[in-house]
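Below is one structure, written out as structure tokens; comments come after it.
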Amino acid sequence: MFIQLNNVNKEFKSGKNLVFSLKNISFNVNKGQIITILGPSGSGKSTLLNLIGGIDRVDSGDILIGDVNISKLSDKDLTLYRRNKIGFVFQFYNLIPNLNVYENVEVAANISKQSLSLEKVLDSVGMLDKKDKFPQELSGGEQQRVSIARALVKNPEILLCDEPTGALDFKTAKEILMLLEKINKEYNTTIFIVTHNTAISSMADRIIRLRSGEIVEDKINSAKISAEGVEW
Amino acid sequence: MVLNKRIFRVLLKQKAIYLGSIVLVMLSSLLYSNLNIAMKNVEKNKDLFLEKTNVEDAKIILQRPIDDIKKLEDEFNISIEKRRQFDAKISENTTLRVFEKTSKVDFPYIVEGSDIKNSNEILLEPNFAKTNRYNIGDKIRVLDKDFTIVGFFAMPDYIYPLKSEGDIMVNYKIFGTAIISNKAMDEMPTKGNSFYLLKSPSGGLEEVKEYLGKNNFIIFWQEINDNPRFNFVNAKLMGSAKMAVALPAMILLLTSLLVAVVLWRMIKTEFTQIGTLYALGYTKNEIAMHYLSFVNIIALTGGILGTILGLLLVKPLSEYFTFYFNIPLIDNSFDYKYILGSLLIPYVFIIPSMLIVLYKALKHSPVKLMRGKIETLKIGFIEKNIKLNRLRFPSKFKIREITKSIPRLFVLIFGITLASMFLMLGFLYRNSIDYLLNQSLNDVFKYEYNYVLKSYEASNIYGGEEYNFSVFKVNGKVESFAVFGIKPNSQFINLVDKNGNPISKENIIITKPLAKTLKVKEGDTIVITNKYNNDDYTIKIDKIAEVYTGNNIYMPLSKLNNLLGFDSGSFIGIFAKEKLNIPEEKILKFETKNDINEAFKAIINPLRVSLGLVSFIAFFIALIVIYVVTGLSIEENKTNISMFKILGYTHKEINDLILNTFTIPIIIGFVLSIPLLIKSMDELLNSFAQNVDFAFPLKLNAVSIILGFLILYITFEISKYFSKKNIFKIPMSEALKTQRE
Ligand SMILES: Nc1ncnc2c1ncn2[C@@H]1O[C@H](COP(=O)(O)OP(=O)(O)O)[C@@H](O)[C@H]1O
Ligand SMILES: [Mg+2]
């Protein structure tokens, strides 16, 4: 088992009031799979992703990546974990506005020892010809491609995508999904896609559904189709 | 207005930035009110003092004494008073110059205690008394006679009590002045020498000068404005007055730019809110007023605090000033227009820059503003065109960050330059004095003792090396300078050209400061006028000597004597290596090289306070500017920093990217400061060097520059230390937050 979550709990409080909690989350994931995490807004999808990505820490329970229990790591080692193992893709790209495309990808390559060739990565996300452009000169889909390139260039074992198509139109969204699928095949990257769009789950190997911080469904997608066939 | 409720919330949220701005405004208000009011106060007191003591118009020495003063006074409608004086060693290193009390001209003003009534009473110069711990009621022994100190005095022709006129600085440790009664002077065993003090209510002294020149033969004639003991104070006041305007103006300029940059950043992040307010029906003016209230708080708080502090420090500063210049503070008063100025000037500087920023923001339509960010995301020309491909990523990031906002870069460089100029001022002063002392004085003047006799002599029976001199002027250019006739093989005067090569003393040589004021070059011919008999002489200048002190011309002794029509061996002064055996009644003036050196060494000490203060201000300005600019950068990069953290950057790596960005601009600011400082100090000195006969050599040595940079670097590190905490505090969720918006 590549990723293993055992009884993970996480609470958010506002003063003394409990605002939200992830309750007893447990599941296992094999290497190289695409996993979609579904659920309505506020169900805890991002929270779960952040825990796996080492952005946040569990209150209790364990998250094992390979044979490392990241819930036991020091801050410093957790940073190294993010640096070496994880790629993040967000809904709103979070590119640095005053760096051009190439430099935005370089932000990640700069700290990675196993980084892939920048040109190659930009080529595989289809942005090589725009490498001197600045984010605000790009469309949303293009910006997302850059942000995927930034995640990818570190050659991470796990790619965590939080609503990667949430701000994109249908056509662009599908192109991004196809890109993620391509990456999954080419690099054998384990990819989490968080979405509230059920249709997207049809391209996944695995579908986990959350509601109010609890797993209400966890199934293997036996009817997996290619991203190109996803419709909504 | 409801809006205003948030003002304090915003201020508190970024307290360091606003506090920094307030402190800068405070500093400039403090300097403005304090320097101006104190200088005006000193100036007013000086005028009052000069009036009260009936300051002389000229001081003269005659070969033949005046027989009937009364007759001369009536004939020329002037006051003449004879004043005897002598120098007495009261300890190994300390000389007291004792004057007899005058009653018509230059009479003493009693600063403390009472006037002398008996012949065993004495008045002392207060700074000398303080330095050497003499109190009223104490006894002081002068030439084997005991005097009781009954009071402290000030006199107008010794405001700046230099031991000899060639000195640059006073030194109360080795020299002081005192006054005794006429009767006591009669009883003293020494003859000393005597000056006539002339005062003409109508201002003209030409006629009496001509008369005396014919009948009594003038050895020495000095008008009050040529007297460095009198006119140094004017130079100093003039310099201070310039500083009193320039310093606060520079700091305020910096502050207004800094505040503009801070508020621009604030408005930029609030475009959406401004647009919404617009849409809600708020008028442009109402919104502008809201933002102006931030400025108001900065200007008002800083202005009031600075003015109050400034006023509190008026008295100490006036007193500090009067430590150098013996001007009694007869009537301390505040000039109220400077208080008003001190409160208003911050507004004058800050409001315009603020209005420009506001106009820039408010010219957009509400819709455009509500969509926000449009304006802020424009890529600049530089960013678009700069080629960074070859660089490593951290360098690329830093350059991008520097070029992101040119106004911010400008403020940073300007601030660092200004701070470095303050910082280097102390070093500049110190190095220059050292240089003046070593290169100029010790290398040029090799004698240990310098005697000036009361009358010309024909052959030197005392030993040492004789010389002659006379005082000249160049009409319309220089009021007075000395022409020395020295032995062509002189061992005691060592003149070099600007390349450091010795100049043969067969030449007619002019000192650099005099050459500068007369605007003469080597080979030029000038007409000089003898001050004592008004005869004109034409001389050709052969060489210019690299000497910084003294308005002097040197020529061979025989040449000078020939020029003046004296016997070729005539002399009035002697340079010597050892102390000579010259009867005291023949000596007019006697100075040792040691006195000069001592005086130089002593000036640094009292200056420590003010130079220390200036350095502290420098440190503060640098700290605030660096901290605010870095703070802005952190603020702007919040999301990026958060993103760096998510990507797995360590704190060290982030700190390097964000905090070391400004290393290069800071170095640039520092490097710029050095020529700027030297240039501006040169201008400042030049503007009042006309009356003062030395050219201050401005020198900064490598050690000082390195030391100055080190201090700046430490300031930078301190600022980084505080900023690190702010970077550390930024959560990773910051980058996630924006995606929720
Ligand atoms: N750092 C946080 N502090 C407090 N509450 C949070 C924090 N992050 C998320 N929450 C709350 O937890 C709940 C789940 O959030 P999230 O995981 O972002 O949901 P989803 O991504 O499924 O929309 C929400 O109600 C949100 O307000
Ligand atoms: Mg979410």
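Shown for region A:140-160: residues covered by the partner protein chains by 30 Å² or more of accessible area relative to the chain by itself (probe radius 1.4 Å), namely A:ARG150.
Here the protein assembly as shown was treated as a single set of alpha-carbon atoms; its pair distances binned every 20 Å from 0 give 11, 31, 23, 17, 13, 5, 0 percent. Along each principal axis, taking the top coordinate minus the bottom one, the Cα set of region B:290-337 gives 52, 18, 12 Å in descending order. Dipole magnitude for region B:524-682: computed about the Cα centre from +1 point charges on Lys and Arg Cβ and -1 point charges on Asp and Glu Cβ, it is near 320 debye.
Proximity of backbone amide H atoms, modeled 1.01 Å from N, is registered between B:LYS82 and B:LEU197 at under 5 Å, excluding neighbours fewer than 5 places apart on the same chain. For the listed residue pairs B:LYS15/B:LYS729; A:LYS31/A:LYS185; B:LYS13/B:LYS398; B:LYS268/B:LYS404; A:LYS10/B:LYS652; B:LYS40/B:LYS315, the alpha carbons are over 18 angstrom apart in B:LYS13/B:LYS398; A:LYS10/B:LYS652. Once each part is reduced to its C-alpha centroid, what is the distance from region B:643-657 to region B:291-327 in angstrom? First find each Cα centre; the distance between them is then 44 Å. For A:ILE34, the amide hydrogen comes within under 5 Å of the amide hydrogens of A:ILE191, A:ASP205, A:ARG206, counting only partners 5 or more places away or on other chains and with H modelled in the peptide plane. In terms of the mean number of neighbouring beta-carbon atoms within 10 Å, the peptides A:85-94, B:55-64, B:26-35, B:455-464 order highest first as B:26-35, A:85-94, B:55-64, B:455-464. From the Cα gyration tensor of chain A, with a ≥ b ≥ c the square roots of its eigenvalues, which class applies: rounded if a/c is under 1.5, or else prolate if a/b is larger than b/c, or else oblate? Verdict is prolate for chain A. Between B and A, buried accessible area from a 1.4 angstrom probe totals roughly 2700 Å², ignoring ligands, DNA and RNA. The DSSP beta bridges internal to region B:449-577 are antiparallel in roughly 75% of cases.
Between the Cα long axis of helix B:271-280 and the first principal axis of chain B there is an angle of about 70°, rounded to the nearest 10.
When the P(r) of region B:196-243 is calculated, the portion above 16 Å amounts to 54% of the C-alpha pairs. Here the 3J(HN,Hα) profile of region B:86-100, calculated from phi with Karplus coefficients 6.51, -1.76 and 1.60 at θ = phi - 60°, is 8, 9, 10, 6, 9, 7, 3, 10, 10, 10, 10, 9, 9, 10, 8 Hz, Gly and Pro shown as x.
Quick one: among A:LYS154, A:LYS171, A:LYS130, which has the greatest mean-square fluctuation in a GNM of chain A with alpha-carbon springs under 10 angstrom? Comparing A:LYS154, A:LYS171, A:LYS130 in a Gaussian network model of chain A, the most mobile one is A:LYS171.
With both residues required to sit in region B:64-216, DSSP beta bridges show an antiparallel share near 70%.
With K and R counted +1 and D and E -1, the other residues having a Cβ less than 12 Å from that of B:ASP47 yield a net charge of +1. Of the residues B:ILE267, B:LEU588, B:SER353, the one whose Cα sits farthest toward the positive end of the charge dipole of chain B, with +1 on the Cβ of Lys and Arg and -1 on the Cβ of Asp and Glu, is B:ILE267. Taking square-rooted eigenvalues a ≥ b ≥ c of the alpha carbon gyration tensor, is region B:449-577 rounded, prolate or oblate, where a/c under 1.5 means rounded and, failing that, a/b exceeding b/c means prolate? Cα axes put region B:449-577 in the oblate bin. Counting, for every residue in B:638-644, the Cβ atoms of other protein chains within 10 Å of its Cβ and taking the mean gives 4.
A dipole drawn for region B:64-216 from +1 and -1 charges on Cβ atoms has a positive end, and of B:PRO156, B:ILE110, B:ILE140 the residue lying farthest that way is B:ILE140.
Label zone of B:LYS44 (point 7 Å out along Cα→Cβ, amide N under 12 Å): in region B:232-261 this covers no residue at all. Summary of the geometry: region B:493-543 and region A:160-232, compared by the centres of their Cα atoms, lie 94 Å apart. For the protein assembly as shown, the solvent-accessible area with a 1.4 angstrom probe is 43 square angstrom per residue.
Taken over chain B, the percentage of Cα pairs per 10 Å bin, counting from 0 up to the bin with the maximum distance, is 2, 12, 19, 20, 15, 11, 9, 7, 4, 1, 0. Local charge for A:LYS224 was computed over the other residues whose Cβ lies under 13 Å away, with Lys and Arg +1 and Asp and Glu -1, and equals 0.
What's the local net charge at B:LEU258, with K and R +1, D and E -1, over the other residues with C-beta under 13 Å away?
Details: positive: B:ARG265, B:ARG408; negative: none.
Around B:LEU258, the charge tally is +2.
Here region B:299-414 is assigned +1 on the Cβ of each Lys and Arg and -1 on the Cβ of each Asp and Glu. Its dipole about the Cα centre then comes out at about 1500 debye.
For the peptides B:44-54, B:508-518, residues were scored by their other Cβ atoms within 10 Å and the scores averaged per peptide; the highest-first order is B:508-518, B:44-54.
Of B:PRO697, B:PHE484, B:ASN285, which is farthest towards the positive pole of the protein assembly as shown's charge dipole, taken about the Cα centre with +1 and -1 on the beta-carbons of Lys, Arg and Asp, Glu respectively? The residue sitting most towards the positive pole is B:ASN285. In chain B, the longest principal axis of the Cα atoms and the axis of helix B:593-636 are about 10 degrees apart.
Computed from backbone phi with θ = phi - 60° and the Karplus coefficients 6.51, -1.76 and 1.60, the 3J(HN,Hα) list for region B:106-114 is 6, 7, x, 9, 7, 7, 8, x, 10 Hz; x is used for glycine and proline. Hydrophobic, long helices, defined as DSSP H runs whose alpha-carbon span along the helix axis is 24 Å or greater and whose mean Kyte-Doolittle value is at least -0.5, occur in chain A at A:170-187.
Amide H contacts for B:TYR467 (H built 1.01 Å from N in the peptide plane; partners 5 or more residues away or on another chain; cut-off under 5 Å): B:ILE572, B:GLY573, B:ILE574, B:PHE575. Can you pull a Stokes-Einstein diffusion coefficient for region B:1-87 at 4 °C (1.567 mPa s), Rh from Kirkwood over Cα pairs, as a whole number of µm²/s? Estimated via Stokes-Einstein, D reaches 66 µm²/s. Can you tell me the alpha carbon radius of gyration of region B:64-216 divided by the globular rule-of-thumb value 2.2 N^0.38 Å? After normalising by residue count via 2.2 N^0.38 Å, the value is 1.11.
Mind checking the mean number of beta-carbon atoms from other chains within 10 Å of the Cβ atoms in B:10-19?
Partner-chain Cβ atoms within 10 Å, mean over residues of B:10-19: 0.
Charges were assigned to the Cβ only: +1 to each Lys and Arg, -1 to each Asp and Glu. The resulting dipole of chain B about its Cα centre is roughly 5020 debye.
For chain B, the longest principal axis of the alpha carbon atoms and the long axis of helix B:15-52 meet at an angle near 20°. Distance from the C-alpha centroid of region B:424-467 to that of region B:93-165: 28 Å, rounded to the whole angstrom.
The values are calculated or read from the model by the stated rules, or taken from the named source; none is laboratory data. Please read all numbers here as calculations on a predicted model, not as lab measurements. Note: ideal-geometry Cβ built from the backbone for every residue, glycine included; neighbour counts use all protein chains shown. Just the protein is used for accessible areas: all its heavy atoms, side chains included, with ligands, DNA and RNA removed. Shrake-Rupley method; radii C 1.70, N 1.55, O 1.52, S 1.80 Å.
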